[in-house]
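Asks: This is the structure I have questions about; it appears just below.
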Amino acid sequence: MARPPVDAMPLPDWSVMTPAAAMPGSYADCSATCVPGRVDLARLVFVFYATPLFRAERLVLRAATWAAGNAADLAKLASGSGTAFVVWRVSRRAARQIWLIDRWGATMSWLAAAPSQRRTRLLFGSLVADRPADVAWP
């Protein structure tokens with residue numbers, strides 16, 4: 001089965017990350033794809049951060065920052081019972097979207113699942129802030 005195309009698009013107005021993207025000097029991008037069937041946010045978050053690319057990124061981050069993150073932590077983030085994963089914490093979460101910000105307040109990620117009757121539009125956005133956001137980490 002062929003992989004569905006991923007298309008660049010503007011960050012939707014309804015994204016919880018949109019206000020931060022409007023800050024002067026910020027750079028935001030967004031990509032979307034449609035897949036058959038219904039995919040909820042929990043499944044999207046788990047699968048997205050469990051890909052080989054992000055597992056490799058977690059290894060680099062663990063070596064550079066000593067921040068641990070495993071499948072159990074990811075499952076908590078995906079289900080909504082966790083608020084942090086490796087160097088990211090949840091900034092905002094809604095029924096179909098999640099916005100994560102890194103511990104330095106410089107980069108942000110946004111995921112959304114927008115299901116319809118027979119398919120789900122999956123969206124991913126990232127934001128790089130010109131100046132770090134205020135982030136309070138324990």
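Bear in mind that the values in this text are calculations on the coordinates, not laboratory data. These numbers were taken from a predicted model, which means no experiment stands behind them. So basically every Cβ, Gly included, is an ideal-geometry build from the backbone, and we count neighbours across all protein chains shown.
Asks: So if R0 is 35 Å, what FRET efficiency would Gln117 and Ser81 give, r being the distance between their Cβ atoms, rounded to the nearest 0.05?
Replies: The value I calculate is 0.75.
Asks: Moving on to the next point. When Lys and Arg each count +1 and Asp and Glu each count -1, what net charge do the other residues less than 14 Å away from Ala78, Cβ to Cβ, add up to?
Replies: Net local charge, Ala78 excluded: +2.
Asks: Tell me, what HN-Hα J-couplings in whole Hz come from the Karplus equation 6.51 cos²θ - 1.76 cosθ + 1.60 at θ = phi - 60° for each residue of the range 73-82, using x for Gly and Pro?
Replies: With the stated coefficients, the range 73-82 comes to 5, 5, 4, 5, 4, 4, 6, x, 8, x Hz.
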